[in-house]
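Read the figures in this text as sums done on the coordinates, not as results from a lab. Computed from a prediction, not measured in an experiment: that's the story for all the values here. Cβ placement follows ideal geometry from the backbone for every residue including glycine, while neighbour counts extend to all protein chains displayed.
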Amino acid sequence: MPKRKRDGDSEWESASDTSEPQQHSSRRRRLVDNERINIINALHAFIQEERRTNFSFLSQHSHYHKHQNELLVVSQADADDVKVVCDSARHDTTAYNNWFTFTEPLRSDGFARTVVIDVPSGSSVAVEDLTITEFGKIKKTRRKAAAWIRDTYCTAEDDMWAMRLPEPQYEEQRLWWEGTGQAFRLLDLPLEMREAIYLHVIGPVVVPDIVTQGGAEKLVLGYGLSYDNPDRVGRNRDPNIQRPNMEIMRVSRQVKVEATHVANRDTVKRFTTIRTRGDGIGPATPPKEIWRKLGQLPTPDNFLKRLQLEMAATEFLAFGGICPQLGQPLARGVVPINVTSMARLRNLDTIDFRFIGPEHELANCPWKPLHPCQKKWIDIFFITAWNDLVTLRNTKGIKYTMSGCIKDSTRNYWTGLLNDKRNDHTAGIRILEQDLQIAITNTTSLACECSNPCVGGPRLFRVQPHEMRLIDGIQAELDKAYWDFED
């Protein structure tokens, strides 16, 4: 996911940093038991207050604080926890004494974070005075406790799944309202707040489908999409897209009108070719068939305002006009789902390119079964599709975004160029295209030169299957590396 830096964050310390400012030395003193207890109590109070006021905090577990008392627990670290951190860190940890462990009781994998927590000499134990030092495999961070907790346990602001609650959490909300004897006066809220609630209830991402009603075909929000493959675990498993929750339409006629408008205008319509075979739910109509009929079917205004395209490398390159042939790795071709065909969509405003990782079971590359460098083929896609994408932007006012397994440097570079209407970058792209024509051949390997390899994740995560079973939390770290896709 995208990394955020909050107020109060300190700078990153590289693996080669071995010294620390003198003023920090006093913070390494050994805390007495009473101080440790006071630190734990202060952090618990902060966690509970954060749960009351921050919707994104611990959102994967619960959005209300009364029915789940322990979602994040701080305790003094035991010797085994400290040993795991010290053995894996590339820093000298012998000078640190005050180790604490953060655990999430509802996590099924048992993953926990063990860190150092210090309080300045002579200071009272308050969260704003606490400093947390976290040791990674390569880097360590030293930050204010509040900033570290918020950044570590909050869902990213641009995460599409942040707004989606599982059924137990809806039940939790219902129980609370029953206990108060009050009613939630939805229509007393301003329209913009009501619309935010509607989007939260319906769900931010839908998978369109075509149904037949009254003898005529109609484009609808669809029944969601289930990726039913038990071999892909944790975050490596594609997140299911739930069926839109339209129950709020029953509240009143006014709510139905407003919520319908939000469902059509604000939900992201995902067109995906990444479908597993089997009995899982998903569009009854194949994606290419839906795409072919888009211009023919009556659709509500703004239904196709925000699109998300999810495809493998070969399909994305074909979308941009590249259909390789023997001896012609960059041969041009035309397929039904292509950039120019999007010009016929009314009210189109935003296109999000969602990329799957090269280790995905359905990943494929036109030059090699498993493309080892995600960064390089994405660059090739945008270079070769540049003209059509810019034309679409200029004629339709399209905004481009990118999500999924894409490195931050790639995302920032291409979204900056594609959305820049003030400057013409075509000449620079032409130079890149000429270099590409020279470099790429039928035998190209697209060799990965990234500091964190695109296949296998960061080098520090290269472990054997038997080690996966022995090292607690390593699967969670591997899954995080897969989706974060760091540079």
key: Residue order, fewest to most beta carbons within 10 Å, for VAL32, VAL251, VAL119   = VAL32, VAL251, VAL119
message = On a 20 Å Cα-Cα criterion, which of the cross-link pairs LYS218/LYS288; LYS376/LYS399; LYS305/LYS376; LYS139/LYS375; LYS218/LYS396 come out too long?
response = LYS376/LYS399; LYS305/LYS376; LYS139/LYS375; LYS218/LYS396
key: LYS293 versus ASP349: modelled label distance in nm, points set 7 Å from Cα along the beta carbon direction   = 2.7 nm
task = Quickly rank 172-183, 384-395 as a protection proxy: mean count of other C-beta atoms within 10 Å, highest first.
result = 384-395, 172-183
message = For ASP33, ASP266, which order do you get if you count the other beta carbons within 10 Å of each Cβ and list the fewest first?
response = ASP33, ASP266
Simple label model, 7 Å out from Cα along Cβ direction - ASN38 to ALA284, nm = 6.7 nm
request  = List GLU35, GLU128, GLU315 from most exposed to least, where exposure is judged by having the fewest other Cβ atoms within 10 Å.
outcome  = GLU128, GLU35, GLU315
inquiry  = Modelling each spin label as a point 7 Å along the Cα-to-Cβ direction, I'd like the GLN434/ARG243 distance in nm, to one decimal.
reply    = 5.7 nm
